[in-house]
Amino acid sequence: MTQHLAVSDAEIRHAAALLRAGKLVAFPTETVYGLGANALDADAVARIFAVKGRPPSSPIIVHVSSMGMVRQVVSEWPERAEALAQSFWPGPLTLVLRKQPAVPNLVTAGLNTVGVRMPSHPVALALIKEADLPVAAPSANRFTQLSPTTAEHVRRSLGSQVDYILDGGRCAVGIESTVLSLTSEESMLLRPGGISRQQIEAIIGRVVQQAETPQQAHPSPGMHPRHYSPRTRLLLVRSGEVLTSGAGAYLQLRNPPMWKVEELIQMPDRPEDYAAQIYRVLHRLDALNLDWIAADAPPTTADWEAVLDRLRRASSE
Ligand code: TXA
Ligand code: MG
């Protein structure tokens, strides 16, 4: 793969040594860039929360590079987990399972469960393997802002507050991992993402949707309404709707805009390709200080679930 050619072994060793010393390292994954720390070091994890401005009520995903490391962090491994790991790991699927006592409460926001995933990006895997530690890593952006899909996005959002940034180029998947809870009989989708619900159901059968009421406590903060947001107002529009005032950009899918736009961006019509571009496009448009960004609403079919979720949250619709 060309993805990891930009990162040398020496850089991986340096970054791994920093993680072992309790420092913060931003690194590429196939989904988005992560802000990593030693998952077993509560002080290091505390710095993640400080740098991101993240409330302590948000649990952090633990990244592993081997099944041995999985056993260090989870205390149960149901057959469903094994089947899904066989099918989708390494890859963009996070499994929520009961945690080992060694995982600090700060990582899991006091929950007795932990989200764990084995990323497929070669730089991420090499880093975790070299550090020989499970790595806690949320997306490497300030809380509620757009997730970073390039090292430059990380620099702009967190800059010098990170001890080191590994630049592995653009993230191929482009949106975050799917988060699936396996802690009860029913498998529960907490956040749609890089692996679709249909792909998961093909392996383990029915997956239920987490009930979503804005007032209730959020078992998964990825479900916070205003998450993944650009600073610029984002609108999801359906054909025929017209915006009259201000300057804006339009993400076209099928319907052409009904009004004058400063920037017209044709988005891909395959959901995976759309996902791969969405954050990069929004980062670029957000920097233009427009009055609005409008997005042609994607279909409500199952294959668009993750993209639609991110657009809805970004527009706080
Ligand atoms: O693709 C990704 O998942 C990226 C890369 C860096 O791996 N990470 C990411 O992390 O998106 P973050 O912190 O931005 O989102 C983590 C999501 C949140 O929705 C959180 O609530 C959920 O995972 N999560 C983590 N641990 C959980 C747990 N024990 N129970 C329920 N949800 C959990
Ligand atoms: Mg995030």
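The values are calculated or read from the model by the stated rules, or taken from the named source; none is laboratory data. Keep in mind it's a predicted model, so treat the numbers as computed, not measured. With ideal geometry, Cβ positions are generated from the backbone for all residues, glycine too; neighbour counts draw on all protein chains shown. Quick note on the areas: whole protein, heavy atoms, side chains included, nothing else; ligands and nucleic acids left out. Shrake-Rupley method; radii C 1.70, N 1.55, O 1.52, S 1.80 Å.
When you go through 177, 157, 120, 139 one by one, which is the residue that is assigned by TED's automatic domain parsing to the domain that holds residue 55, open to solvent by 40 Å² or more (accessible area, probe 1.4 Å) and not acidic (Asp, Glu)?
120
One line per residue, one yes/no per condition, for (1) touching a strand residue (DSSP E or B) at 6+ places or on another chain (Cβ under 9 Å); (2) modelled with pLDDT of 90 or more; (3) part of a helix (DSSP H, G or I):
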{"position": "200", "(1), (2), (3)": "yes, yes, yes"}
{"position": "215", "(1), (2), (3)": "no, no, no"}
{"position": "218", "(1), (2), (3)": "no, no, no"}
{"position": "250", "(1), (2), (3)": "yes, yes, no"}
{"position": "268", "(1), (2), (3)": "no, yes, no"}
{"position": "281", "(1), (2), (3)": "yes, yes, yes"}
{"position": "288", "(1), (2), (3)": "yes, yes, no"}
{"position": "306", "(1), (2), (3)": "yes, yes, yes"}
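Taking the stretch 68-118 as the range and being within 16 Å of ligand 2 (Cβ to nearest atom) and among the charged types (D, E, K, R) as the test, only 117 passes. Taking each residue of the stretch 17-46 that is in contact (Cβ under 8 Å) with a residue 12 or more places away in the chain and looking for partners that are in a loop (DSSP other than H, G, I, E, B) and among the hydroxyl-bearing types (Ser, Thr, Tyr) with beta-carbon atoms closer than 6 Å, six or more apart or interchain, yields 26/33; 30/120; 31/177; 32/147; 32/149. Looking only at residues in the stretch 18-64 that are polar (S, T, N, Q) and open to solvent by 10 Å² or more (accessible area, probe 1.4 Å), the one that is farthest from ligand 1 (Cβ to nearest atom) is 38.
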